[in-house]
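The values are calculated or read from the model by the stated rules, or taken from the named source; none is laboratory data. Since we're looking at a predicted model, the values are computed, not measured. Cβ sites come from the backbone with ideal geometry, for glycine too, and all protein chains shown count toward neighbours. Protein only, heavy atoms only, side chains kept; ligands, DNA and RNA dropped before computing areas. Shrake-Rupley method; radii C 1.70, N 1.55, O 1.52, S 1.80 Å.
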Amino acid sequence: MFSNYRIYTCLLFLNCLAFGFACNPPHDEPEITYELIKTATFPLHYAGEVHACDFRDGRGVIYNFKNTELVLFDSSGNILRRDTVASEGSNSLSYISGLKILSDGNILVNTLSGEIAILNKDLQLEQKISMPFPNGLANMRSNVKVMDIWKDELLIHYPGRGGKNPYMKGYFKENKLVEKVNLNTGEASPFLDLPPDSQYQEDLYFDLPHVFLSVYDQTLYFAFDKEPMIHLYNLKANGRYEKTIDIAAEKFVQLEGQPFPAGHSGSNAVPGTIDGLYPFDEGIAVNYREGIDEETRGVYKNVLKIYHHSSGWSNELVLPRDEVSYLLNFESPEKPFYALQYDSFGHLHVVKFSLERKPK
């Protein structure tokens, strides 16, 4: 005779079968899997360092923080134009911390001192706006995409409104995440609430995260770099929070929140970090580094994953560390994408990749 427990287990199993295995755990075998293929490598005849970069529609741009130089290049590594950013005068810009190539080919720029600029295809300044209050961040991470444009408004993560300190406990819970800037008037207003399932809702101190955001159609994709989640907001509905997509990483090291600001001292763990969000028509791709926990140590993996709204996450694709220093772009699984690579001699190359979809 079956016990009540066995009867319950059998009924539960039959129910799962009836509902298409709805009771399966969330990290099952992905419905869509890809193979990463390197298709070409081209030398980029530029000897300077890279501190910010972007690539779109066959053209890339890099910025060298040390000599304030912008370099425009194509997908075969050919230098199209080089220009030094003016340090004085009406066309001057302070140190650039982020670049984004827009759909019309113009280049969106933000600087450490709170300047927002649009450069044309020849790297010439077309428009400059200064934010109405100082940036509250004392340190900046290189090549972080903190801004995008929707219609005639700029959306940018720029903390510090009202003199608020983003390093304080509860900052993201108590303040808006983004500034919405009218590109015609320069007027800025606070925008977007912290999503309910973020760890920054907790009454604890965390290492200050950096932010990635990207707009596709009417959706804003938002992520804190130290949290394996992507948050979606509906811009047509005045920035209404829609949902959160967990990255479902096999490994993503997170440091626990602490009751005091110095709580992480002495930890040897290296947290996982998101390095890029790339929305496309059917979903979004994310690039992240796993981090290193205190138990295993060793080398972390640099991962690319693709999410389809209809089928969920793909398999994890490991980006080879000796071939990818910066992932430049990802426009869709069907299109080639590019990375910058420093070889063992310090020479810079453009590496072209593609994805091959594996049959089920």
Which condition breaks for Ser75 when tested against (1) more than 25 Å from the chain's Cα centre (by Cα); (2) crowded, with 16+ Cβ neighbours inside 10 Å; (3) among the polar types (S, T, N, Q)? (1)
Can you confirm whether the range 139-154 contains a residue that is open to solvent by 10 Å² or more (accessible area, probe 1.4 Å), at positive phi and not in a loop (DSSP other than H, G, I, E, B)? no
Determine if the range 45-53 includes at least one residue that is of a type in the set (D, E, K, R), open to solvent by less than 20 Å² (accessible area, probe 1.4 Å) and within 26 Å of the chain's Cα centre (by Cα). no
Within the range 333-360, the residues that are in contact with a Gly (Cβ under 9 Å, 6 or more places away or on another chain), more than 16 Å from Val303 (Cα to Cα) and not hydrophobic (A, V, I, L, M, F, W, C) are His349
Considering only the range 54-70, state which residues are within 20 Å of Val144 (Cβ to Cβ) and under 22 Å from the mean Cα position of the chain (by Cα). Asp54, Phe55, Arg56, Gly60, Val61, Ile62, Tyr63, Asn64, Phe65, Leu70
Is the range 119-135 home to any residue that is open to solvent by less than 20 Å² (accessible area, probe 1.4 Å), among the aromatic types (Phe, Trp, Tyr) and in contact (Cβ under 8 Å) with a residue 24 or more places away in the chain? no
Working only within the range 331-347, note down all residues that are open to solvent by 40 Å² or more (accessible area, probe 1.4 Å) and of a type in the set (Phe, Trp, Tyr). Tyr342, Phe345
Every residue in the range 3-56 that is modelled with pLDDT of 50 or more, assigned to a loop (DSSP other than H, G, I, E, B) and over 30 Å from Thr84 (Cβ atoms), please. His27, Asp28, Glu29, Pro30, Glu31, Ile32, Thr33
Okay, strands (runs of 3 or more DSSP E) sitting entirely in the range 256-330 with 1 or more residues that are open to solvent by 30 Å² or more (accessible area, probe 1.4 Å), over 23 Å from Glu356 (Cβ atoms) and basic (Lys, Arg), I get 283-289
Provide a single number: the residues in the range 227-244 that are farther than 21 Å from Leu154 by Cβ and assigned to a loop (DSSP other than H, G, I, E, B). 2
